[in-house]
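Got a structure here, written out as structure tokens. Questions coming.
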Amino acid sequence: MKLIIWHNNVCSTSRKALDYLQNQGHEVSVRNYLIEPPSIGELQQVLEKLHHEAPYILRKKDKEFQEKFADKTLSNPEWIQAMHENPSIIERPIVISDEKAWLARPFEQWEKEFSSI
């Protein structure tokens, strides 16, 4: 299965998920989403594959989130725009296939779900 991982190498969970995928023999395309932020369309597609609204992938402990957005109540499209413009507020890692996406956290829960596919 060909996969994409929205990855941040400083994050231990992101590194753990990438190592897991590679050790399982998956073809993984690594995308540093902080350097190459996802487009609004990509964010919408990932949220559809996750079957969730934008707040599901918000990194609420992020400094930028706390400074700019902690007191905000935004609509789903507004959150998507905010994530596009401020990619550090996107939770990581996110693993994406052609059919589905996973927020790979907590790692052990994701690993159990992912290994059953």
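None of the figures in this text is laboratory data; all of them are computed from the coordinates on show. This is a predicted model, so every value here is computed, not measured. When we count neighbours, we look across all protein chains shown, and the Cβ atoms used for this are built from the backbone with ideal geometry, even at glycine.
Pairs needed: first member in the stretch 41-59, on the phi < 0 side of the Ramachandran plot; second member anywhere, part of a helix (DSSP H, G or I) and among the β-branched types (Val, Ile, Thr); C-beta distance under 7 Å; at least 6 residues apart or different chains.
LEU43/ILE80; GLN44/ILE80; ALA54/ILE80; LEU58/ILE89; ARG59/ILE89
Can you confirm whether TRP102 is outside any helix (DSSP H, G or I) and touching a Leu at 6+ places or on another chain (Cβ under 9 Å)? I'd like the intermediate steps shown before the answer.
Values: outside any helix (DSSP H, G or I): yes; touching a Leu at 6+ places or on another chain (Cβ under 9 Å): yes.
For TRP102, the condition - outside any helix (DSSP H, G or I) and touching a Leu at 6+ places or on another chain (Cβ under 9 Å) - is met.
Confirm whether PHE114 is assigned to a helix (DSSP H, G or I) and in contact with a Ser or Thr (Cβ under 8 Å, 6 or more places away or on another chain). First the steps, then the outcome.
On the way: assigned to a helix (DSSP H, G or I): yes; in contact with a Ser or Thr (Cβ under 8 Å, 6 or more places away or on another chain): no.
No.
Further question: Counting just the residues of the stretch 70-117 that are of a type in the set (Asp, Glu) and surrounded by 14 or more Cβ atoms within 10 Å (Cβ to Cβ), which one comes out farthest from ASN32 (Cα to Cα)? Reasoning before the result, please.
First pass over the stretch 70-117, keeping only residues of a type in the set (Asp, Glu): 71, 78, 85, 91, 98-99, 108, 111, 113.
Subset that is surrounded by 14 or more Cβ atoms within 10 Å (Cβ to Cβ): 91, 111.
Numbers: GLU91: 12, GLU111: 21 Å.
Looking at residues that are of a type in the set (Asp, Glu) and surrounded by 14 or more Cβ atoms within 10 Å (Cβ to Cβ), I get GLU111.
Right, another one. Just the residues that are polar (S, T, N, Q) and buried (at least 18 other Cβ atoms within 10 Å of the Cβ), please, taken from the stretch 1-47. Give the steps one after another, and end with the answer.
Of all residues in the stretch 1-47, those polar (S, T, N, Q) come to 8-9, 12-14, 22-24, 29, 32, 39, 44-45.
Matches in the stretch 1-47: ASN8, SER14.
So, one more: Is there a residue being in a helix (DSSP H, G or I), in contact with a helix residue (DSSP H, G or I) (Cβ under 7 Å, 6 or more places away or on another chain), within 18 Å of PRO87 (Cα to Cα) and not polar (S, T, N, Q) anywhere in the stretch 19-27? Write out each step before concluding.
Step one: of the stretch 19-27, the residues in a helix (DSSP H, G or I) are 19-23.
Imposing the further condition that a residue be in contact with a helix residue (DSSP H, G or I) (Cβ under 7 Å, 6 or more places away or on another chain) reduces the set to 20.
Of the ones still in play, those that are also within 18 Å of PRO87 (Cα to Cα) are none.
Scanning the stretch 19-27 turns up no residue that is in a helix (DSSP H, G or I), in contact with a helix residue (DSSP H, G or I) (Cβ under 7 Å, 6 or more places away or on another chain), within 18 Å of PRO87 (Cα to Cα) and not polar (S, T, N, Q).
Tell me yes or no: at least one residue of the stretch 19-29 is farther than 18 Å from GLU113 by Cβ, touching a strand residue (DSSP E or B) at 6+ places or on another chain (Cβ under 6 Å) and of a type in the set (Asp, Glu).
Yes, that holds for at least one residue.
Just checking, which of ILE35, ILE96 is aliphatic (A, V, I, L, M), free of Cβ contacts under 8 Å to residues at least 24 places away in the same chain and under 18 Å from SER14 (Cβ atoms)? Walk me through it before giving the result.
Numbers: ILE96 fails: free of Cβ contacts under 8 Å to residues at least 24 places away in the same chain.
Being aliphatic (A, V, I, L, M), free of Cβ contacts under 8 Å to residues at least 24 places away in the same chain and under 18 Å from SER14 (Cβ atoms) holds for just one of ILE35, ILE96, which is ILE35.
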